Every structure is written in structure tokens, then in C-alpha cells.
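What follows draws every value from the coordinates through simple rules; no lab data is involved. Just so it is clear, the model here is predicted, and its values are computed rather than measured. Cβ placement follows ideal geometry from the backbone for every residue including glycine, while neighbour counts extend to all protein chains displayed.
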Amino acid sequence: MIIGIDLGTTHSLAAVWKDGGPRLVPNALGSVLTPSCVGIDEDGSVLVGEAARERLQTHPQRTASLFKRYMGSARTVRLADRDYRPEELSALVLRSLKDDAEAFLGQAVTEAVITVPAYFSDAQRKATRVAGELAGLKVERLLNEPTAAALAYGLHEGATETQFLVFDLGGGTFDVSILEMFEGVMEVRASAGDNMLGGEDFSTLIVERAFAEGIPEAARADAVFMQRLTARAEAAKRELGARGGATFDIDWRDTRVTVTLDADAFEKLSQPLLDRLWRPIERALRDARIRAADLDNVVLAGGATRMPMIRALATRMFGRFPAVGLNPDEVVALGAAVQAGLKMKDAALNETVMTDVCPYTLGTDVAQRLESGGHAAGFYAPIIQRNTVVPVSRVQRFSPISPQQKAIRLGVYQGESRMVRDNILLGELNVPIQPGPGHADGVDLRFTYDVNGLLEVEATVVATGEKQRLVIESGDAHMSPSDIEARLAALSLLKIHPRDTLENRTLLARAERMYEQLLGDMRDHVGKMILRFEQVLATQDARLIARDAELFRQALKAIEADSHFAPDPVS
Amino acid sequence: MAETPWFLRALGLPPYADVSTVRRAYAHALRTIDQASDPEGFARLRAAYEAARAWSDQAIDAPPDDKTEASDDALPAEDADPAHTDAIDARREAAQLIDAFIAQTLEADSGQAMEGLHRTIAALRTRYVDAPGEFEERLVDLLATQGLPHRATLFEAAMIPFQWSDIGQLDALGERGAWVGRVLAERELWLRLTPSWRWHWLDLFARATRKLDASTVRHWPDVATLQAHYPRWIALHLDTATSQAWRAAFEAAPMSTQAMYRQMAAPSDAFRVVAPKAVRRKSSHPWFGFLFFMAIGIAYNLLVAIQHGTVSPSSRSLPEDTPRTCGELHARLDRPDALAGVNDDDADLMKRRGERCARLGYWHAPTAEDVR
């Protein structure tokens, strides 16, 4: 069985292809959205999802979130007594989704289609694949998020011939893809994006607003406070969307500020971020050689597209209302399940086939001959142009500058600039060649880019036929097979919080978070409820626990509705 | 009788096929190929399909491009879709903005022209998504056909917002992009001439544009040489009309005077691009390692016609960023006034650093840990 997973910056979802359609998988709490948060409980067991999200505020040193933003980098996060790589944290989320899917399906799950932002780099894609391996999942396919959204949308619409644009603004990344559908073929024409723009950035604006209103800069070092403020900002952002205005109080030590925002002020504040949405869209349209007016539809994906100002902007940009119908939080996961169905050759899908593109240009660096007789280096020679349909393999011949040359150094770059200094160096090859006039043929350089978006580079010396392969190691972020094995062993020693009691654990985490935020009588009241619930849990009487959990939940909900707390994002 | 082209044969089609037949054949063949496990088979099919599409698109004479404009103008009255009506308004507004920019620029000084360009781009970005691209095409046409004054200033000002440093962007612009690419290549070489000579010549162009007199006419030989080396770049600074008048004035002088003026022309060194000193030197500077490799079979057609060269490798290379400096940069760029009072070079540098940080995955708001 193959499952589809949307591994998001803020939330992750799993979906399966079942009974001729994509189905979302509920987690242990009955929700389809699992927050991408990982925490270590006091007893050393791992908490994933809502429970960890609640603990972000009470135990910031033992909880991590937003780690998708560090995928492919060497950055680690320290939780409790150990450092975790972003791959490992993602693996813990994946494993939790895998467990949910196994419970849902009643059968073992060993393979997955995992979605990644279209504009994810080679290193980020490799890290995602490693995360899958660490979670015990064979990654059948890395699927671009906007492509997944398009698959779900295309299937949903059932249109035969159409051109549309997917506008995917997630928690941490922005992607645009333009697709053409004909005869059951879903063809991605162009993708563009911004890896550093997402819904989280809009929340950060509100956080910054609180500092502008008078919270001292020193408060930034207070992790507990920062998590509390971030949660308030999150809630305010959602309230702005729902009601057009939001107000909240926040205090740090002796300072108390009130942050008030209306829709206009928030839009003004967001202007620099909104401006950054234009370029990838202009570029994708350009690359696909079509005008916005030629699009039949605009599909929104990603939770951040719920923001009314984003919808208004998209409407203005394209001169039409975006398509509604599919939930933007869920559409990527549904598409991943469609791809899983395609992989399993499900009969209901035998008419559908999809092709994707490489979103960025890949190439090497070359020297230019000067009129005066010398050479100037550092020019970019593209080998695979951006938006080439994948899988693709291209070869080009490079010859030495001088006949005495003993080696050719070939850099492998990703980027769009004419000069390599502005592009990203992915790796390099040093190919020894025979000096002498008979060997001026040089080297054939082959770039192969597969359906998962992973690059392989091979150099062949023309004279001898000797081959050399490049293993792309993006600095220290690269994990060798032995590293992966070691990390896998280390992860398997971690105790995962049992799924069946996760719901109760989440309730407790939520109550603890509220306890920290409340004052006076309310606080005592919550404290007593926590104590009582812990005693009930200790009885291990399933019936009693179930009854009490329900009462506990109702009571917490009532308190939360009563006071100005961050409302539960899922409800 | 003509033979069936290879691409139609590969798709199993007879020697005649329209677009939809080609697509249907491709769609059918695509289902029989597993893209992941048979990349060669897919590559063959794809090559055949792309060739067949190009062939069948060409075979059809109907100009599909005019369709959209025509249908927009002939909007049925009963179409009350507010978004659509807005779109028509947005398009009209965008066209007005562009016209206003052109009208103002004809009267403006170069500072005002540049400011007007930035203002117009910003304003178009609040309209609809095709508008900046339409402006870009119009601007390139005006620059290339000398339809505007202050062309060099406008060209420089347009480079960043329109991302002309980006190869793909120029490719997508077609003929216009090829022109921009050639101008960029000439500009790069021009910037490597000795600055005092450049200033001298620019001053000369400005004076000649105002008035041609003996003090400017005698420099025509320099201008002729520059035009031969940097035709498009010089055309941005100097109107064709002025240049023709200049030449005529020079040629009207007696031959002996012309010969004297020729002798007084700038030395040939002044026109020579300074090659980076590091060529062929094993230097500790990491950029020079690149000299090891190889120029090649792919034509850098941007640079082919003229002398080849590159900007000095040491100029404006990006400083190394750590996750921490990336975080700080992010925080800075996210502030609305991030670029206030920053000069263009620094802004560009920040932008490039930002993009690189993002590609490296070092992109996040500074955490408490970073701040400490």
C-alpha cells in the first residue's frame, strides 16, 4: 500500500487511494491535520502533533516546529538532551502519519509519495527522501506540491481540456505552477516559487507589530514568551481573516501592550510580502508563454490562501475569482494520494498521466576567450534549462583551454544568472585528462534529472571513455548511507508515545498550556482539573478515563471560549 | 511525395496530423511508458512530441494570439461578472499608466524618468498580473527603437525589477530578450573600460546632443570606434539622428582637418577591455580556479559578435552567510522600510544574499537562540 503525504511547514496530512478516490487519513485525535511539531515528554517519549504544538509554549526547550524550513541544511535543533536534524524531526512526523494510516487501513504501510515545494533544491529534496527512509517508508516519489494540488483539482473537475494556474501559498513556501490538461494528460508547463515566503511570515509581521508597540527587544530571548506571542499572532491572523479585525493583549514582565489591527492596517503591513507574490507568477506565465487571460482557472492551495487579502489579490491579479471547491489545506495531500493511486496502477486512474518539469536551470561554468588572448572565467553554461519536462538527460562537450592542461574542473550550479557567482554551487568534478594536442576533445558532461527532482552528473573523458560520477554533497548537510543508518538506529531507540493514549496526553498538554496563561481562580481551577485527570488516568480504567476525558475537554473548551486565548486552529 | 517526418512516425501517425491528433497520439503513447523506470523511452517520446507540436503549430496559419484581445473588447453587455469587469478596468488602467509614463518621460530629466519607471512598475504590480510584462515589452521596444530619452538610465533602472540578469527571463522574452542580452553583454564590457575615458565620452554625447560644434565634432573618430564595438549600448546614449548629424559635420570638414582629428583620437588602449589580471595565474583567490576550465561548444551567442570578456571576478562577490546572518537579513528585509536609504547596489546584494540563503535552506525568522 502506498500512501500520499503532504509534509507541510505547519501541518502535515496523509491520504490514501481507496475505493476509487482519494481519502484523507484521520489522526489519533480524529483530525486530518497533524501539526508538524515534535516534542519530547518528561518521561523521554516522543510526542508528535497537537500535543507537541500545545507544549511549544510550555516547553519550548523540548519542542520543535517549522523544521521544514531547515531541510537540506546542517542546522540542528536541540530537544531535551539531544540534537535532532530536520530530517529526523520530519521522520518523526512521517512515522506518526504512517501509524495513523496503518490504523485507518488496517494494513502495513511501507511506501509513500511525499510532496515537496516545487522550488525545493536538490539538497532539500534529498533531505526529504532521507526523512522518509528514517520513518521506515520507501519514498516512491517526491511530488511537487502545486502538481499534487493540480492532480486533485483536475480529477475533481473532470475537465477534458483546460489550462490553469496553481497558486500554492503554504506555511513556509510559495509555489506557482501552470498546467495544461488534455486527453487525460496533466502537463506542468512551468513552475516558479519563493522558498522563503509563507503564511508564517504574515504571523511574524504581527509579532513584530507587538515589538513596535513597546515590548522590549530583550523579550526576544525569552523562548516561552516568544512562543506565547507567536500563538497570539497566529490567532490574530485568523481572526483578521474571519472578522476583519483583531485585538489582543500581551505582557512581558512589567510591560503590557495591546495590539490592534484592522484588515487595512494588516494589508499595509503585509505589502512587502504581497509584492513578493508577483514575480514568481509573472515568471511562470512568461515561461509557459501564456497570458493570464488565457488561463481557464486559478486554483488556490495552501492554508495561507484562506487569508481574504490573498484571495482578493489573486482575484485582482488574474481578473477572475479563483476556483473554490477543494479545501486548500487538503488539496495537496489529496493529490499525493492520487499519485499513489497512479503508482499502484489503480483501474480508476488508468486514463490519467502526469508530466512535471525541472523548476530551475542547471549547468556548469565556463571561461570565455578574450580578444586579447586570455580567458575570463565564471560564465554560466546551462545544460538543463528551467521548465524542461522531466525525466531529462542532457549532454554537452567541454574542451580544455590549453593543450597542456592536465585536468578539467567542472562546477555544477543551480540558478538563473549569467554569471556563476550569482548561482548556487551544488558540487564539482575534477576530471584528469591527458595533456597534448591529441586530446583536445575534453569531456562530455551529462546531467540527468529524474522524476523526483534529483540530479545526477556524469563526466566522460572523450579520448579514453573514462567516466566519473558526481555525488552531490551540499556541504555538511549531506548524509552518507552510514550516517543514515546510525540515525535510524538512534531513532529506533526513541520511545514513541502510544497512539491510543495520545488524545489524553494532548488534553493534558493543552490544559498545562492554559494553566500557564491563566491567572487567579481560573488558574487554580485548571490546576485542580489537571490533577484530577491525572488521577483518573492512573486508574487505567478505560471506561472511566473515556468519560472523564470528555468532561475535561468540555470544561477546557468552555474556559477557552470565555477568555481570550488562541483558539484551536483545527476547530 | 514527401516522406512521413520521423516525429510523426514515432507517434505512429500518417504524414499529416493536426494539433489535436498529435496530442491524442502523445497522450496514448505516454500511458504505455513508465517515466520513472524508462527515462530514455520517455525522452524519445517527448522529443517526438515537441517536434510534432512545433511542426503542427507552424502548419496552422490561424493567428491564435489576437483572439483574447478581440474577445475582451467585444465583451457581451450581459456579462455582469464583477471580477471580469474589474479585469477590463484593470487592463485599461494599466494601459493608461504606461501611456502616462511615456508622456512624462518625454518631458522629464533623467532622475525623474528613473523615478517614473519605478513608480509605474510598482503601480502596475497592483493591477493585474500580465501588466508588468506588457510594460516590459513596450519599454524594450521603446529603448531599442529610440522612442524615449534617457534610455541608458531607464535600461539600468529596469534591469533589477525585470530581472534581466536571469537567462531564462531573457529567453522567455524572445527577440526582445535577445536584444536585452546583447546590450547587457556590451554594457559589461563597457564597464571595464577605463572610467575616465567613459566619463569623457558620456560627457561628449551629452554635449553633442545639446549642440554640435567644433569642440564635439572633432571627436567623431572616437564615437565611430565606440559604435563599432558597442553599437546597442552607444545607441542608448546617443540618438541616431544626432550621430548622423555628427558624422555629416565631421565629413564636411576638409580631408586634412579630418586626418588631424583622427590623429588626435583616443589611443587604442582606451577602447580595450581590461582583461582580468588573474588570467592564467594560479592565485589564492578562489575565483581564479575557474580559469581551469573550459570554454566550449555552446555558443555564448550573447557575446559572440564582439570581443569577449567578463566583469572582474572580484567585484561584488557575495559575502559568506551563516544561518545566523541569514536570519538577521531576513528580519531586516521583512521590515517595510528595509530598503529605505539603501543604494541600488547594496539592495541588489541583499536580495541576492537573501535568495541564496533561501536556496540553502537558511531562511527563517531569527530565533531566540540566534539573537543571543
Across 5 Å bins beginning at 0, the whole-percent shares of Cα-Cα pair distances in the range A:349-428 come to 3, 13, 20, 20, 16, 10, 6, 5, 3, 2, 1, 1, 0
The alpha-carbon center of the range A:232-262 and that of the range A:102-129 are separated, in whole Å, by 36 Å
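Given a Förster distance of 22 angstrom, what is the FRET efficiency for A:Gln554 paired with A:Val257, based on the Cβ-Cβ distance and rounded to 0.05?
Working: r = 33 Å, r/R0 = 1.50.
Here the calculated transfer efficiency is 0.10.
As a test of the formula, what do you get for chain A when each DSSP H run with n ≥ 4 contributes -39,500 (n - 2.57) and the sum is divided by the residue count, at 222 nm and rounded to the nearest 500 deg cm²/dmol? Display every interim value, and only then the final one.
Numbers: 14 runs with 207 residues, N = 571.
Theoretical 222 nm ellipticity from helices: -12000 deg cm²/dmol.
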Cys in the protein assembly as shown lacking any partner Cβ under 4.7 Å -> A:Cys37, A:Cys358
One finds the C-alpha centres of the range A:1-72 and the range B:186-258 to be spaced, in Å, by 67 Å
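Using a 10 Å cut-off on Cβ to Cβ distances, tally the other chain neighbours for every residue of A:282-291 and report the average as a whole number. Numbers along the way, then the final one.
Numbers: counts 11, 6, 1, 4, 10, 4, 1, 2, 2, 8.
Mean number of neighbouring Cβ atoms from other chains: 5.
What order do you get for B:His28, B:His150 when you list them from fewest to most C-beta neighbours inside 10 Å?
Going from least to most buried by this count: B:His28, B:His150.
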Proxy exposure order for A:Met317, B:Met114 (fewest C-beta within 10 Å first) is B:Met114, A:Met317
For the range A:262-364 the mean separation of alpha carbon contacts under 8 Å (6+ apart) over residue count, i.e. relative contact order in percent, is 20 percent
Magnitude of the Cβ-charge dipole (Lys and Arg +1, Asp and Glu -1) of the range A:101-185 about the Cα centre, nearest 20 debye, reported as 360 debye
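Can you give the FRET efficiency to the nearest 0.05 for B:Gln58 and A:Arg243, using r as the Cβ-Cβ distance and R₀ = 45 Å?
For B:Gln58 and A:Arg243, the calculated efficiency is 0.20.
Which order do B:Trp197, B:Trp246, A:Trp252 fall in if you start with the one that has the fewest other Cβ atoms within 10 Å?
Numbers: B:Trp197 16, B:Trp246 23, A:Trp252 20.
Ranked by crowding around the Cβ, least crowded first: B:Trp197, A:Trp252, B:Trp246.
Calculate the all-directions average of the projected area of the protein assembly as shown's alpha-carbon convex hull, and give it in nm².
Numbers: hull surface 183.5 nm².
Result: a mean projected hull area of 45.9 nm².
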Taking every C-alpha to C-alpha distance in the range B:102-220 and binning by 10 Å from 0, the per-bin percentages run 12, 38, 35, 13, 3, 0
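So in the range A:71-196, what percent of DSSP beta bridges are antiparallel if you round to the nearest 5?
Working: 20 of 26 bridges.
Within the range A:71-196, antiparallel bridges account for around 75 percent of the total.
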Quick calc of log₁₀ I(q)/I(0), the range A:280-413, Debye, one scatterer on every Cα, no solvent, q values 0.14, 0.16, 0.21 1/Å, result -0.90, -1.02, -1.32
A chain fully extended from A:Lys495 to A:Arg543 at 0.36 nm per residue, minus the present Cα-Cα distance, gains in nm 14.7 nm
Between B:His200 and B:Ser20, the two model label points (7 Å from Cα along the beta-carbon direction) sit apart by a distance in nm of 6.9 nm
Between A:Asp296 and B:Asp346, the FRET efficiency computed from the C-beta separation at R0 = 45 Å comes out, to the nearest 0.05, as 0.55
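Could you rank the peptides B:204-213, A:348-357 by their average count of other C-beta atoms within 10 Å per residue, with the highest value first? Present the calculation step by step, with values, prior to reporting the outcome.
Numbers: B:204-213: 15.4, A:348-357: 19.0.
The most tightly packed comes first, giving A:348-357, B:204-213.
What do the square roots of 5 times the Cα gyration tensor eigenvalues come to for the range A:154-227, in whole Å, largest first, as semi-axes of the equivalent ellipsoid? Don't skip to the end; give the middle numbers.
Working: eigenvalues 362, 22, 17 Å².
Largest first, the range A:154-227 gives 43, 10, 9 Å.
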Among A:Ala231, A:Ile215, A:Met181, the residue whose Cα sits farthest towards the positive end of the charge dipole of the range A:178-297, when +1 is placed on the Cβ of each Lys and Arg and -1 on the Cβ of each Asp and Glu, is A:Ile215
Any lysines whose Cα falls less than 23 Å from that of A:Lys343, other than same-chain ones fewer than 8 residues away, would be A:Lys18, A:Lys98, A:Lys126, A:Lys138
Looking only at aspartates and glutamates whose Cα falls under 14 Å of A:Lys345's and that sit 8 or more positions away or on another chain, we get A:Asp19, A:Glu140, B:Asp34
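Sequence gap at least 6, Cα distance under 8 Å: using those rules, report the relative contact order of the range A:102-259 to the nearest whole percent.
Reported as a whole number, the value is 15 percent.
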Among A:Leu134, A:Gly378, A:Trp252, the residue whose Cα sits farthest towards the positive end of the charge dipole of chain A (+1 at Cβ of Lys and Arg, -1 at Cβ of Asp and Glu, taken about the Cα centre) is A:Gly378
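Please sort B:134-147, A:52-65, A:328-341 by packing, taking for each peptide the average over its residues of neighbouring beta carbons within 10 angstrom, highest first.
Details: B:134-147: 17.9, A:52-65: 23.5, A:328-341: 28.3.
Peptide ranking by packing, descending: A:328-341, A:52-65, B:134-147.
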In terms of the charge dipole of the protein assembly as shown, which places +1 on Lys and Arg and -1 on Asp and Glu at the beta carbon, the residue among B:Trp190, A:His59, B:Met350 farthest towards the positive end is B:Trp190
Those helices of chain A passing the 27 Å axial Cα length cut-off and the mean Kyte-Doolittle cut-off of 0.0 (DSSP H runs only) are A:86-105
